[in-house]
Every structure is written in structure tokens, then in C-alpha cells.
Amino acid sequence: MTVLAVCLSLVALAAVAHVGSSRGKQSIKEQLLNGICTIALRLVQLAFAIHCSFQAWVQDSLSQAQIDMQQLLEGDDTDMVLTKRQELSDLLASLPQKPEHLAVVLPEASVRENEAIGDMLAGETDDVEALCAWSLLAKIPRLSIYSRDGSLSRSFDSIAGRLRNSKMVARGFNGRTPDICLESSTRSEHICAHSDSASRPDIYISLWSRENGYPLLAKLAQRLSRRVQAGELASTAITESLVADELRDPHGFKHPDLVLLLDDLPCVNEFPPWQLQNSELVQIHSGARSLGDAVYRALVCFAKIEMRWGK
């Protein structure tokens, strides 16, 4: 983003200089401005070339690593594994941009029976553990995992127990045990690594289902209606901003920057629609060798995205 801002400033300077120099006979001052215009345009071209070359270097470096993503966090901590893990961590840290909030849409049980998809995924508890570990390795503070049928919420205790004692998660956090805030639509648990339970968690993980989508909107409408009937709220006070505040992330995070679809079909399966306002959807299907490989590919794709907001 810094490179882009510099480039836009140089373009503006060049445009002003060019307009000024095109009126009437050129004086020495105007010739000087025209020279500055030419230099500025050349600097713009150079800046964009450097920016594109850097992105290509990062992608090539990751591709040439040729590491088994699954073994990187699951295998024993040999010298080679530790070295490769650090290399990948450094490369992820050098990406031009990373999501602050990553959402992952897990496929339904019928899709998991697909041999190619099944090879990439394991059980849902294992998938949550792996996604947590890779998010910590990439230093992503907010992770939301969506399973339409609510099976993740029903496995809350199993998932919390796995994260509490996971070697994979510790390896993703540079060998240390992270503080994790695990939430579903009905429960919340702070899995603490330290005695200070008031400390801010290192990662927030939400287990979403279709109940976090349209049913949540219906419950919100009913709750606001009861408040109006009880005289606690004027009907004219129900505005778009009020509804947005009610749906806002309780921890202050924005909507997902990146939504990873793990399916052969690009389908969000009743994913909460307001969570897709400014999200980049990346589909990773049977081409990925493991869940870690899928996350890494999605992050590389996201690093090359330019959000122009309609401009």
C-alpha cells in the first residue's frame, strides 16, 4: 500500500507538471517541470516493476520450498523441519498483505466422501486444530470456521480439549502455548496458557454454522420487536446502523478479509451474508495436498490482490 501511495503521488505531480508545461511557449521553469514530469513517470514505472517483482519472488520462493506442509507442523522437530518451518514463517511475514480475519468454509459430509477432498481433510476436530496452527504461524489473529450443519458446535468440548494440549498448535506459535478464545453460538471458552486470564488472546476462533446466518437475523428481529413492544425502544430508532452494531464482532474485528472455500464447487452454503461485505473468496479444491497447503495457497493469492473499491 505504501508503494501504491507513493506511485499515485508521483503521478499527480507528473500530471500537474505536464499540464503546466503544455500551455504556451515553454520557459526555463516549464522545461524544468517537464523534466520532472518525465522523471516522475519513470519512477512510477520502476516502483510498479519492483512491487511486481517482489510479489513474484515471494511466490516463487514458496513454490520452490517443496516442503510437505502436513509434516511441517505434525512431524518431529528435526533440524530440517525447524529450518523449513522458520523459512516458511519468514516468507509469510514478508507477504505484502495478509488477512486480519480468515474464514474457512468446510465442506459438508457428502462432499468429504469425495476421494480428492477427503485426502486433504481429516476429521473436523483435526481440521480446526490444523487451521488454528496455520493461522498462528501466519500471525492471523481472527479465525472463523464454518460448517453448515453445526457439527463444529456440537464438538465444542472435543475441539477445546484438542487445542488445549495440541503440539501442532504450539509449533505454529514458535514452540509456545498460545492463549486461545474459542467461541460458538452458545458457548465461549478462554483457553489460557498463562495464569493471567485477563490477557488478550493470541487468536480468536469462532465455530460458525447456518444458525449464525439468517436464523440469527430472525432472532435479532424478534428481540428488537420485543423491546419496541415493551417501550424500551422506539420503532423509528431501528436503523441500518443499529442492526449493524448488533451484528458487529464483539472483539472489534472487521468482517473476514479472506474466505477460503474447501470444495470443488464455489458454494458458501448459507454462510452469514453480511460477513461477505468486503471479502475475497478463494477456492482451493482437490489440487491442494493438505489443509496447510490450502491455507498457504490462499494467503499467496490474497497477497496479490488489489482492492480498488470500484475505482
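With a Förster radius of 45 Å applied to the beta-carbon distance between ARG200 and GLN31, the computed FRET efficiency rounds to 0.20.
Taking 0.36 nm per residue of sequence separation and removing the Cα-Cα distance, the ARG248/ASP76 pair yields an extension gain of 57.8 nm. Under 15 Å from a point placed 7 Å out from the Cα of GLU270 along the Cα-to-Cβ direction: which residues of the range 218-233 have their backbone N that close? Hits in the range 218-233 for GLU270 at 15 Å: 218-219.
Converting the Cα gyration tensor eigenvalues of the range 146-267 into ellipsoid dimensions via √(5λ) gives semi-axes, longest first, of 33, 19, 14 Å.
The slack in the chain from THR83 to ASN165, taken as 0.36 nm per residue of separation less the alpha-carbon distance, amounts to 27.1 nm.
What's the FRET efficiency of GLU108 with SER185 using the Cβ-Cβ distance as r and R₀ = 25 Å, to the nearest 0.05? Numbers along the way, then the final one.
Numbers: r = 18 Å, r/R0 = 0.73.
FRET efficiency, GLU108 to SER185: 0.85.
With R₀ fixed at 25 Å, the C-beta to C-beta distance from ASP149 to TYR214 puts the FRET efficiency at about 0.95. With the charge dipole of the range 119-269 set up from +1 on Lys and Arg Cβ and -1 on Asp and Glu Cβ about the Cα centre, the Cα lying farthest toward the positive end among the listed residues SER209, SER151, LEU220 is that of LEU220.
Laboratory data are not the source of any read-out in this text; all were calculated from the coordinates shown. Owing to the predicted nature of the structure, the values given are computational and were not obtained by experimental measurement. For neighbour counting, all protein chains shown are included, and Cβ atoms are generated from backbone atoms with ideal geometry for every residue, glycine included.
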